[in-house]
Amino acid sequence: MSTLEDLISSQRRFVRARDWEQFHSPKNLAMALGGEVGELCLEIAPMFGEDVPPLPAKARASVHHEVGDVTLYLLRLYDVLHVDPTDAFIRSQVLSGGGDGSATPKMRGSLAQAVCQLSGSVGMVLEVFQWQESGSAALPSRVDGRELERRLHGVSGSLWAIAEFLGIDVLAAAEAKLAANELRYPVSLSRGSSRKYTELMGEDE
């Protein structure tokens, strides 16, 4: 499995090969991160009913993909903002794993709390870029670097808690999703384009 530094470097090369840096302003990345967190929350929501069995394989795979998406956008935002994610992500390398989402109501309550914290933490990041032009690379003057780092780390901490409960390795999920994206977004079709892979594939027919 890749180290955190390897993953960040691989993602940076992936972006540069497709000339996507032009789309990766802090605000755009924060908005994309917020969207992926929403999708992750929707995938986890069925676990909060009474007497819920372990997630079936298909649902578990979907959650794994969404954890990968959230991690990639979060790491990309760290990278673009020149904030070091090492301290925040170190715990993801020592997850014990083995969870399957089946647990006592108390444990599901802890998961629900982590989901709320993740949503709230992302909201705090989005607030930083409220009213800012989408293409601006500057950090708004109302928030200093230390506060921004704290907010990003808040997202990371909540993500760890969710992943640990589900037995998902955060970095492995991100690495798998990046590998899938390499196939979904071939350079020949995606360079300089912000379109989704579903739109790009139509051009290759």
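The values are calculated or read from the model by the stated rules, or taken from the named source; none is laboratory data. Since the model is a prediction, treat every value here as computed from it, not as a measurement. Positions of Cβ are generated from backbone atoms using ideal geometry, with glycine treated the same way; all protein chains shown enter the neighbour counts.
Go through (1) outside any loop (DSSP other than H, G, I, E, B); (2) in contact with a helix residue (DSSP H, G or I) (Cβ under 9 Å, 6 or more places away or on another chain); (3) at pLDDT below 95; (4) of a type in the set (A, V, I, L, M, F, W, C) for V52 and report which single condition fails. The single condition V52 does not satisfy is (1).
Among the residues of the stretch 189-199, those that are at negative phi and either outside any helix (DSSP H, G or I) or touching a residue at least 60 places away in the same chain (Cβ under 8 Å) (or both) comprise S190, R191, S193, S194, R195, K196.
Residues of the stretch 158-188 that are outside any helix (DSSP H, G or I) and closer than 23 Å to L111 by Cα: G167, I168, D169. Within the stretch 107-143, the set of residues being exposed (fewer than 15 other Cβ atoms within 10 Å of the Cβ) and either touching a Pro at 6+ places or on another chain (Cβ under 8 Å) or not in a helix (DSSP H, G or I) (or both) comprises Q130, W131, E133, S134, G135, S136, A137, A138, S141, R142.
Which residue is surrounded by the most Cβ atoms within 10 Å (Cβ to Cβ), if the candidates are limited to the stretch 64-76 and must be more than 13 Å from G35 (Cβ to Cβ) and hydrophobic (A, V, I, L, M, F, W, C)?
Step one: filter the stretch 64-76 for residues more than 13 Å from G35 (Cβ to Cβ), giving 64-65, 67-68, 71, 75-76.
Then keep just the ones that are hydrophobic (A, V, I, L, M, F, W, C); that gives 67, 75.
Numbers: V67: 27, L75: 25.
Restricting to residues being more than 13 Å from G35 (Cβ to Cβ) and hydrophobic (A, V, I, L, M, F, W, C), the top hit is V67.
Taking residues in the stretch 99-122 that are modelled with pLDDT under 95, and partners anywhere that are exposed (fewer than 12 other Cβ atoms within 10 Å of the Cβ), the pairs with Cβ atoms closer than 8 Å and at least 6 places apart or on different chains are S102/P53; P105/E50.
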